[in-house]
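Student: Here you go, one structure.
The values are calculated or read from the model by the stated rules, or taken from the named source; none is laboratory data. Computed from a predicted model, the values in this text were never measured in an experiment. Cβ placement follows ideal geometry from the backbone for every residue including glycine, while neighbour counts extend to all protein chains displayed.
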């Protein structure tokens, strides 16, 4: 327990330490880089290379020192200051405030969504404190089949767990503001009924005791606006997803503990698996609509960072609380699905550039915006850095009176090149990337029981090495993907809002080649250029070239659940949640496997199934929603005239929103049957 | 409402071997509309309505009339309106679990859009250069 309330003075020494060390390291590296580049004087392209290197190195230096802070935090085994934790007596008492647990969804698989809601609900019920919670599934689904299936799944869930009056379902037919608009709609209609808002994602899962602890921490810390519990990746079988799960379990705790340790009450919100204080959220976190057109203007896409900044601006603190645990989500099943998600996040984060200078924000909020931007912009910066390096070398060759042999002597492997110095710098850069990983490995190896749950010490080390090889090979492809997304956003491409792929399905070779053909071409060009201009650099660039050439194969093979399960049987990439899964995960898995009655055609289902018909009309009656008159009129013409022409999705939705037409159609159908 | 089990008294209904297949199908459809799904239940309900001497195509009308005359709607209303303690627990639970309650009563409020001056420095310059121009703030909804 720490009763001392949070103050900026608590964070100052920690921030000076992490940011100062990152700045110092970057300074040393930049001086060394300048020395390497200026062997024959410094040209303009070389100055550009130096500037890019400094920026990129600063980013990895910040990640490195954040990781070191996390390691120190975990080894010290102490809680960060500023949050008041409950005493034993307080922890055993009832909750006095009410929390809404909400799950916004958009065309997701209802079986999985409601399995996760049910597992979380039952887990909260098992704590004996269910009375303090209500659950809401907030649907923005636009596909009629998903909509009707959700209604049936919700009704079935209420029946199963006797959840009438505690588990609610609301669907919007207008998706204004996307996920943030969905949540805002909830807050404006039901928010005042609750003290706290616990936000889940469609694939989120939370253990009941963690949910209760989050609500209790909010009760005990009236100055806390948001508590974020970092979710662990779990529950997938493909090799790609299992690699993500393993990496997250191995290095995630260091990263999260580090961020929590130096950011304290000025941390960030990741959009789900977090609890928010309702009143200030309603009062101070209504999202602005940015001036201009997409991609930079319009509705804010990545709402979480902005909501955290607004909450902080209003004087409430934002905390990362990794020690609570019991917070889960699912990773994307393959590299392409991961990239698809990245594309969405990339545009959302780049949109924050327009808010960095906004008046009244806390400096740490500005830093979170910049770090979010850097997490995507770092890729094109590295790419430009590599290209600029090549350009700077060619520039020297073209504009200096040197022969090809002399020119090649200035490149890596050449006599005039300070190979030892370059190797030192490269080793330092690689060390900064790898040391946090090794610290994560060290922490697990030091805990015999944890190491046993991750396959044993030998398998654990082997898994780390293999994961390192695969992620190194994937890195160039991700660099090109992210560069494409950043440049695409800057050029004005818009992101379409589609639900994330969450199924473990094999990736066809044709799709992999289609998506990676340009990556392979870049690999071929890079290899050809290297051989022609600087053969000595081939060995240095071989991981990049190989990664690009092998991109389709890497995508296809890592997308296979069979390979993921094969590795699991051999004890590779194991996480404790696979070896000894928590009850809430087991339950969610059981429920997901039970599945739901499929809804192949929403309208046909509502017209033929009496249960679906009665339920759908009752929900329409409870929450009448205005339809589209034009679409309804044309649908009625087709349906009531007995035309064979199929309904468009808009017409189908219009009919499903109109109780009169539905009753009429059902009457006709029964009449025909009679 | 997965299925509805018929009351025991229906098992005493007479057999109906002579009922036409299309008539029986129409009646089954009618009772399916009320949630009866079991084959045996549907046959017994159809037998109960038709009786042994059934003829003619107007059975659906007779079936609806039977539902009205037997007071089906009144029974339902009675169950819904009675004090919970007067109902058998199984009935009470069945009714409670079947009434869809999508969301509780709303408590409307407005989540005001926050106004952010996106670049305070440029805002100062703007005010100095063109005092009448529009501020670079997030526009309101």
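Student: State yes or no: is residue A:430 surrounded by fewer than 14 Cβ atoms within 10 Å (Cβ to Cβ), at pLDDT below 95 and not assigned by TED's automatic domain parsing to the domain that holds residue A:338?
Tutor: Yes: the conditions hold for residue A:430.
Student: A further question follows. Looking for whichever is outside the structural domain of residue A:208 (by TED's automatic domain parsing), under 24 Å from residue B:103 (Cβ atoms) and under 32 Å from the mean Cα position of the chain (by Cα) here; the options are A:615, A:591. Which one fits?
Tutor: A:591
Student: Provide a single number: the residues in the stretch A:464-479 that are within 14 Å of residue A:375 (Cα to Cα) and crowded, with 21+ Cβ neighbours inside 10 Å.
Tutor: The total comes to 1.
Student: Mind checking which residues of the stretch B:102-118 are in contact with a helix residue (DSSP H, G or I) (Cβ under 9 Å, 6 or more places away or on another chain) and outside any loop (DSSP other than H, G, I, E, B)?
Tutor: Result: B:117, single match.
Student: Follow-up. Do we find a residue being under 15 Å from the mean Cα position of the chain (by Cα), at positive phi and in the same structural domain as residue A:197 (by TED's automatic domain parsing) anywhere in the stretch A:255-268?
Tutor: No, every residue in the stretch A:255-268 fails to be under 15 Å from the mean Cα position of the chain (by Cα), at positive phi and in the same structural domain as residue A:197 (by TED's automatic domain parsing).
Student: What pairs can you find where one residue is in the stretch A:352-374 and within 22 Å of residue A:56 (Cβ to Cβ), the other is in a loop (DSSP other than H, G, I, E, B), and their Cβ atoms are less than 6 Å apart, with a gap of 6+ or different chains?
Tutor: Between residues of the stretch A:352-374 that are within 22 Å of residue A:56 (Cβ to Cβ) and residues that are in a loop (DSSP other than H, G, I, E, B), the close pairs are A:366/A:356; A:368/A:268; A:369/A:356.
Student: Also, quick follow-up: If you check A:591, A:585, A:619, which single one turns out to be touching a residue at least 24 places away in the same chain (Cβ under 8 Å), within 12 Å of another protein chain (Cβ to nearest Cβ), surrounded by 13 or more Cβ atoms within 10 Å (Cβ to Cβ) and assigned to a helix (DSSP H, G or I)?
Tutor: Of the residues listed, the single one that is touching a residue at least 24 places away in the same chain (Cβ under 8 Å), within 12 Å of another protein chain (Cβ to nearest Cβ), surrounded by 13 or more Cβ atoms within 10 Å (Cβ to Cβ) and assigned to a helix (DSSP H, G or I) is A:619.
Student: Just a yes or no: is a residue in the stretch A:197-208 buried (at least 18 other Cβ atoms within 10 Å of the Cβ), within 14 Å of chain B (Cβ to nearest Cβ) and under 26 Å from residue A:127 (Cα atoms)?
Tutor: The answer is yes, given that some residue of the stretch A:197-208 is buried (at least 18 other Cβ atoms within 10 Å of the Cβ), within 14 Å of chain B (Cβ to nearest Cβ) and under 26 Å from residue A:127 (Cα atoms).
Student: If you take the residues of the stretch A:168-184 that are more than 9 Å from every other protein chain (Cβ to nearest Cβ) and over 23 Å from the mean Cα position of the chain (by Cα), which of them is farthest from residue A:280 (Cα to Cα)?
Tutor: So the residue we want is A:173.
Student: Also, quick follow-up: Can you give me the number of residues within the stretch A:157-167 that are at the interface with chain B (Cβ under 9 Å from one of its Cβ atoms) and either out of contact with any strand residue (DSSP E or B) (no Cβ under 8 Å at 6 or more places or on another chain) or under 21 Å from residue A:626 (Cα atoms) (or both)?
Tutor: Summing the residues that are at the interface with chain B (Cβ under 9 Å from one of its Cβ atoms) and either out of contact with any strand residue (DSSP E or B) (no Cβ under 8 Å at 6 or more places or on another chain) or under 21 Å from residue A:626 (Cα atoms) (or both) in the stretch A:157-167 gives 4.
Student: Can you name every one of the strands (runs of 3 or more DSSP E) wholly within the stretch A:147-247 that holds 2 or more residues which are closer than 24 Å to residue A:309 by Cα and in contact (Cβ under 8 Å) with a residue 24 or more places away in the chain?
Tutor: In the stretch A:147-247, A:196-199, A:224-228 are the strands (runs of 3 or more DSSP E) which contain 2 or more residues that are closer than 24 Å to residue A:309 by Cα and in contact (Cβ under 8 Å) with a residue 24 or more places away in the chain.
Student: Do we find that residue A:24 is without any contact (Cβ under 8 Å) to a residue 12 or more places away in the chain and over 17 Å from residue A:321 (Cα atoms) in this structure?
Tutor: Here the answer is yes, as residue A:24 does meet what is asked.
Student: Can we say residue A:542 is in a helix (DSSP H, G or I), more than 26 Å from the chain's Cα centre (by Cα) and under 22 Å from residue A:241 (Cα atoms)?
Tutor: No: the conditions fail for residue A:542.
Student: Inspect the stretch B:81-89 for any residue being touching a helix residue (DSSP H, G or I) at 6+ places or on another chain (Cβ under 8 Å) and modelled with pLDDT under 70 and give the result as yes or no.
Tutor: In the first step, residues of the stretch B:81-89 are kept if they are touching a helix residue (DSSP H, G or I) at 6+ places or on another chain (Cβ under 8 Å); the result is B:84, B:87.
Remaining after also requiring modelled with pLDDT under 70: B:84.
Scanning the stretch B:81-89, I find at least one residue that is touching a helix residue (DSSP H, G or I) at 6+ places or on another chain (Cβ under 8 Å) and modelled with pLDDT under 70, so the answer is yes.
Student: What number of residues within the stretch A:269-294 satisfy the criterion of being within 19 Å of the chain's Cα centre (by Cα), under 22 Å from residue B:115 (Cβ atoms) and either outside any loop (DSSP other than H, G, I, E, B) or outside the structural domain of residue A:201 (by TED's automatic domain parsing) (or both)?
Tutor: Residues of the stretch A:269-294 that are within 19 Å of the chain's Cα centre (by Cα), as a first pass: A:269-276.
Adding the requirement that they be under 22 Å from residue B:115 (Cβ atoms) leaves A:269, A:276.
So of that shortlist, the ones also either outside any loop (DSSP other than H, G, I, E, B) or outside the structural domain of residue A:201 (by TED's automatic domain parsing) (or both) come out as A:276.
Final tally of qualifying residues: 1.
Student: Here is a follow-up. Taking residue B:49, is it within 37 Å of the chain's Cα centre (by Cα), modelled with pLDDT under 65 and more than 8 Å from chain A (Cβ to nearest Cβ)?
Tutor: Details: within 37 Å of the chain's Cα centre (by Cα): yes; modelled with pLDDT under 65: no; more than 8 Å from chain A (Cβ to nearest Cβ): yes.
Spelling it out, it is not the case that residue B:49 is within 37 Å of the chain's Cα centre (by Cα), modelled with pLDDT under 65 and more than 8 Å from chain A (Cβ to nearest Cβ).
To keep it simple, each residue is scored yes or no on (1) over 30 Å from residue A:257 (Cα atoms); (2) surrounded by 14 or more Cβ atoms within 10 Å (Cβ to Cβ).
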{"site": "A:51", "(1), (2)": "yes, yes"}
{"site": "A:55", "(1), (2)": "no, yes"}
{"site": "A:61", "(1), (2)": "no, yes"}
{"site": "A:74", "(1), (2)": "no, yes"}
{"site": "A:93", "(1), (2)": "no, no"}
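Student: Sticking with this one: Looking at (1) out of contact with any helix residue (DSSP H, G or I) (no Cβ under 9 Å at 6 or more places or on another chain); (2) more than 14 Å from chain A (Cβ to nearest Cβ); (3) at pLDDT below 75, which one does residue B:129 not meet, given that it meets all the others?
Tutor: (3)
Student: Right, next: Please go through the stretch A:338-369 and pick out each residue that is at the interface with chain B (Cβ under 10 Å from one of its Cβ atoms) and either in a helix (DSSP H, G or I) or surrounded by 19 or more Cβ atoms within 10 Å (Cβ to Cβ) (or both). I'd like the intermediate steps shown before the answer.
Tutor: So the first thing to find is which residues in the stretch A:338-369 are at the interface with chain B (Cβ under 10 Å from one of its Cβ atoms), and the list is A:354-361.
Passing the criteria: A:354, A:355, A:358, A:361.
Student: Let me ask something else about it. When the stretch A:558-571 is examined, which residues are found to be under 30 Å from residue A:387 (Cα atoms) and either surrounded by fewer than 19 Cβ atoms within 10 Å (Cβ to Cβ) or free of Cβ contacts under 8 Å to residues at least 24 places away in the same chain (or both)?
Tutor: Listed by number, the list is empty, since nothing qualifies.
Student: Is there any pair with a first residue in the stretch A:3-20 that is at pLDDT 85 or above and a second that is exposed (fewer than 15 other Cβ atoms within 10 Å of the Cβ) whose Cβ atoms are under 8 Å apart and which are 6 or more apart or on different chains, and what are they?
Tutor: A:10/A:4
Student: Another question, if that's okay. Please work out which residue is farthest from the other protein chains (Cβ to nearest Cβ), limiting yourself to the stretch A:622-649 and to residues that are surrounded by 17 or more Cβ atoms within 10 Å (Cβ to Cβ) and either touching a strand residue (DSSP E or B) at 6+ places or on another chain (Cβ under 9 Å) or touching a residue at least 40 places away in the same chain (Cβ under 8 Å) (or both).
Tutor: A:647
Student: Buried (at least 20 other Cβ atoms within 10 Å of the Cβ) and either over 23 Å from residue A:66 (Cα atoms) or modelled with pLDDT under 90 (or both), is that true of residue A:397?
Tutor: So residue A:397 fails the test.
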